[in-house]
1. Note down the nm distance, to one decimal, between modelled labels 7 Å out along Cα→Cβ at Val94 and at Val128.
2. Phe32 versus Leu47, label points 7 Å from Cα toward the beta carbon: distance in nm?
3. Label-point separation (nm) for Leu11 and Ile110, each offset 7 Å from Cα along Cα-to-Cβ?
4. Under a point-charge model restricted to the Cβ atoms of Lys and Arg (+1) and Asp and Glu (-1), what is the dipole moment magnitude of the stretch 5-149 relative to its Cα centre, in debye to the nearest 20?
5. Please work out which option in (i) 16.6; (ii) 9.7; (iii) 12.5 gives mean projected area of the Cα convex hull in nm² calculated from these coordinates, and answer with its label.
6. Using only Cα atoms, find the angle between the long axis of helix 36-48 and the longest principal axis of the chain, and express it within 0 to 90 degrees, rounded to the nearest 10.
7. In whole Å, what are the Cα extents of the stretch 85-145 along the three principal axes, biggest one first?
8. So what is the 222 nm mean residue ellipticity for the chain from helices alone, if each DSSP H run of at least 4 adds -39500 (n - 2.57) and you divide by all residues, rounding to the nearest 500 deg cm²/dmol?
Amino acid sequence: MKPHCAYCAILSAGLICGVLDGLSAIALSGYFGTKPTRVFQGIASGLLGKSAFQGGAASALLGLALHFLIALGAATVYYFASRSLPVLIDRALVCGIAFGVAVHLFMTFIVIPLSAIGNRPFVLRTFVNLLIISMVVVGPSISLTVRHFAVTRSPYRSQ
């Protein structure tokens, strides 16, 4: 990958992931009767605590910004890991699915408990639904976008 394209790969992967994951979260929560504003206020509550739910549009916009910051962070991790582990490019779909699992576990068991949200009850249905979104949307959107920006062609990758 050309050095100046690193920013292109990371920014594109983060934005694509952020949009697709955000739409997935809105659709899933909408199915269960939650409004989009509440989804992003939930993200903002990682910084603001419960007061985020009384913050209206301002806290929802903060949550939206944090959502994209997290997506860009995940894209950055995958991009730099792919520089040392070419299999992440060569087998981007499978590695993306695995990366989605890793991101979900990291967010669920490390980031959220350490945030202002703190420990929350484990609900298997929610965990599985969000895990599936991470496996189908988050990881693959990042891995396939990073692969798109890769310059070198591997003999294992279909042309």
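1. 2.6 nm
2. Rounded to a tenth, the inter-label distance reads 2.4 nm.
3. Taking the two extended label points, one gets 2.7 nm.
4. Numbers: 8 positive and 2 negative charges, 45 e Å.
It comes to approximately 220 debye.
5. Identified label for the calculated read-out: (ii).
6. 90 degrees
7. Taking the Cα atoms of the stretch 85-145, the three principal extents are 38, 22, 14 Å.
8. -22500 deg cm²/dmol
We did not get these values from a lab; they are worked out from the coordinates using the rules stated. Remember, predicted model here, so these are calculated numbers, not experimental data. Reconstructed Cβ throughout: ideal geometry from the backbone, glycine too, with neighbour counts over all protein chains shown.
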